[in-house]
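A quick write-up on the structure given underneath.
Read-outs throughout are calculated quantities, based only on the coordinates presented, and are distinct from any laboratory measurement. Nothing here was measured: the structure is a model prediction, and the numbers come from that model. Glycine also receives a Cβ, built like all others from the backbone with ideal geometry; neighbour counts cover every protein chain displayed.
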Amino acid sequence: MISKVAVLGAGTMGTGIAGQLANADVEVLLLDIKQTGVQPNAVAERAIKRLQDSDPPLLVHPDVLTNITIGNIDDDLNRISSCDWIIEAIVERLELKRELYQQINRYRKPDAIVSSNTSTIPMTLLTQDMPASFRQHFAITHFFNPVRYMRLLELVKGDETTPAVMETLRRFNEEKMGKGIVDCRDTPGFLANRVGVFALQVGIDETVHCGLNIEEADALMGRPMGIPKTGVFGLYDLIGLDLMADVVKSLKNILPDTDPFQQVSNENHLVNKLISEGYTGLKGHGGFYRRVDSRRESIDLATGQWRPYRYTPPSLVADDMQNLVLLTEGDTPQHQFCRRVLGRVLAYSAGLLPEVTDHPVPIDDAMKLGYNWAQGPFEMIDAIGISRFIHLLKDEGIPVPPYLAGSDHLPCYRVEQGQLQTRYVDTGYQTVRRAPGIVRFNETRRTLQPLSRNASASLYKLSEGVGLIEFHSKANALDGDSMAIVEEAALRAGDDLNGIIVHNDGLHFSAGVNLHRFRAMIEDRNWDGIDSFLVDFQRAVKALKYCAVPVIAAPSGLTIGGGYEVAAHCDVVVTHTNVVLGLVESLVGLVPAGGGVKDTLFRWHHRLGDWNEAAQKSFMNIGYGRTGTSPKLAAELAYFRPNVDRQVINRDRLVQASLDLIRNLADDYNPPEKPTFHWVGRGAFEQMQDFLQDQHSKCQLTAHDVVVGTEIARIVTGGDRPPTEISENELYDAERMAFVRLAKTEATHARIIHMLDRGQALRN
């Protein structure tokens, strides 16, 4: 059992590990080298400051910092004697690690586990001079940065590590730290970095080879391939050019000369030049991209000179949604880039079998959990088609790996008798098995046929008789098709379904309603179309709220705007710890109109027992577009109900937790009663108007902020009318009418354009 952990090393990784332990309410001792002078713990103190100031936040709430105690290795190492797990996260220098292990062994209790966060130094070298008792309790635990958000933990067992140690680490990190565990052999770079760094190097190599600019390369080797939108050069800037140069050099030194990585590992003179001039990425003056005043500039790979940023959507894809076959079939330099990148990277991944693993799942998991790829390499090969992919390799002169060459064109995955199976190197197909309670719906989905499906959403029936609504549009933005599936699920409740879960495996649950659709309707002056959409949206969430069976929302990531409104109309929200909950419509000059204002008002009244206070709280929440970046922070805004809703630190447990809850609720379930509301009337409305004008006079709010704020105030108070008891439907109507009024303003139109075209809120 692990109840107290020591983290030795307060750099980026050590700080992140300590922060996530604190998020899990685990007691942490964070130590680094001693500083001379009056602040011996200065390094660890700076780490705490980074945790406090991080963006995105590395802590679920400022209060969790009380779980961390700091010190320095010289004065405080003896304090590790009370720790159950000691994590070494110092610099990648073997001699320093070995020296530290000797000191650790002097103080650690006999059954304490010791692990290293190394990604480059073999286990045998790390523990070469240590006694057997130390080696038996030693493992490699390779976390990924930022530790709160990156789900992967690569776990490496030594020859002498006991099974009990590995099981303890596996269970603790999966259940308490929220990690997806991938067991790795002690091979260079393990799995994720072995493939991920190779992919980045190939991306740079093929950008030059195919004559593309860096914007084109990032646009192609991003969402169209199911890779995060940073692409190649954007990810280099995010990680840091100097750090990437060190990682590439380390892998070059430890991989054999015959490894294809050696072909893309030579020093890059442009990268060295940028680093020497302080262009180390986002943490420096910039990297491959930089900002000069308000202008964005890019580096020209051919000349090494800066030029204006120029992005043109790739002509070979109609959208940035994934279609790998479309990317590879054509004669343009862009098609050639996609063929070469996919061919080299996926072939390299397949060539690692059986050296690093006997089957595709660990490599696919590593890339999805550690690099946020939508699909793993072998899933991508299946998406292209084995036969087509082998022809692609032969056409491009890329060697066909034995795993594919000897496959008789059998897929890497298949569904057999309702079970997802993967093909092992020597033993054929075996069922993909996960730990108890772990459900990844993108795997479950492959074994099911949808009850109903359209372009934006699907409805499935799980084996337990529970329906699952999955959004799958771009960014899971909601449109009429999305809400049609929501309404259909609610109407099937009780007959076909004994419960409903709203969930998807996307990076985000939903970023809200599709703004592109509203922009088009505004520009067409289609006010009836906007009103009709809102009527349909409201009808769908009402049906969800009052249907005959328990309804659970199981979100992670962005759950904002309309996405939050869907979740808010469910009986319970079972949310991942890394969630963003809230209503942000005011930022684009609109108001929530899917019951968001109504529900916020009801929640605040339920908490405070006073309609006037509830109106004030709702006005401030929605007017400022406030969000909570964790359940605990969202609870402070009434978007999360601690006595009703649940949180899960491992997102792979959301579905099972929801199923368990439905089982508990189903026997004596009754839909909620329709509430009544109170408009507090003219006095409160005038107070809110005075506040808006005061803030405008102090330049804290813009002119259009006042317009939007006035509409919010009118919804929550009733405006100029006297205090009145009203129905839920009257609040829905008030939201909808305010939304349409704002949609007709030029200032709202300008805000929507600015957000869609520039990705930023306009202050007008």
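At a glance:
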| quantity | calculated |
| --- | --- |
| Beta bridges by DSSP in the chain, antiparallel share as percent, to the nearest 5 | 45 percent |
| Counting all C-alpha pairs of the stretch 7-64, share separated by more than 18 Å (%) | 29 percent |
| Under 5 Å, built H, 5+ apart or other chain: amide partners of residue 286 | 280, 281 |
| Ellipsoid equivalent to the stretch 4-184 - semi-axes via the Cα gyration tensor, in Å | 24, 20, 14 |
| Length released on extending from residue 39 to residue 408, taking residue separation times 0.36 nm less the Cα-Cα span | 126.3 nm |
| The chain: angle of helix 192-209 to the longest principal axis, Cα-based, in degrees nearest 10 | 90 degrees |
| Computed lengthening from residue 257 to residue 293, 0.36 nm per intervening residue step minus Cα-Cα distance | 8.4 nm |
| Degrees separating the helix 746-758 axis from the principal Cα axis of the chain, which is the longest one | 10 degrees |
| Helical contribution to [θ] at 222 nm, DSSP H n ≥ 4, -39,500 (n - 2.57), averaged over the chain, rounded to 500 | -13000 deg cm²/dmol |
| D_trans [Stokes-Einstein, Kirkwood Rh over alpha-carbon pairs] for the stretch 184-249, 20 °C, 1.002 mPa s, µm² s⁻¹ | 172 µm²/s |
| Under Karplus coefficients 6.51, -1.76 and 1.60, residue-wise ³J(HN,Hα) of the stretch 728-736 in Hz, glycine/proline x | 4, 5, 5, 6, 4, 4, 4, 4, 5 |
| Under 14 Å from the Cα of residue 97 - aspartates and glutamates, other chains or at least 8 residues apart | 32, 88, 129 |
| Cα radius of gyration and Dmax for the stretch 133-274 (Å) | 17.5, 56 |
| Debye log10 I(q)/I(0) for the stretch 400-446, one point scatterer per Cα, at q = 0.33 Å⁻¹ | -1.26 |
| With at most 16 neighbouring Cβ atoms within 10 Å, loop GluC sites (Glu not before Pro) (DSSP) excluded, longest segment of the chain | 465-635 |
| In the stretch 475-565, the chymotrypsin sites (Phe, Trp or Tyr not before Pro) that fall in loop regions by DSSP, at most 14 other Cβ within 10 Å | none |
| Candidate lysines - alpha carbon under 16 Å from residue 4, same-chain residues fewer than 8 apart omitted | 109, 176 |
| Kirkwood-based Rg to Rh ratio, the stretch 192-405, C-alpha trace | 0.95 |
| Inter-probe distance in nm under a simple model that places probes 7 Å from Cα toward Cβ, at residue 686 and residue 331 | 7.7 nm |
| Efficiency of FRET from Cβ geometry, residue 546 and residue 660, R₀ 25 Å, rounded to 0.05 | 0.60 |
| When the chain is reduced to its Cα atoms, the Kirkwood hydrodynamic radius in Å | 28.1 Å |
| Folded to 0 to 90 degrees: helix 42-53 orientation relative to the chain principal axis, Cα | 40 degrees |
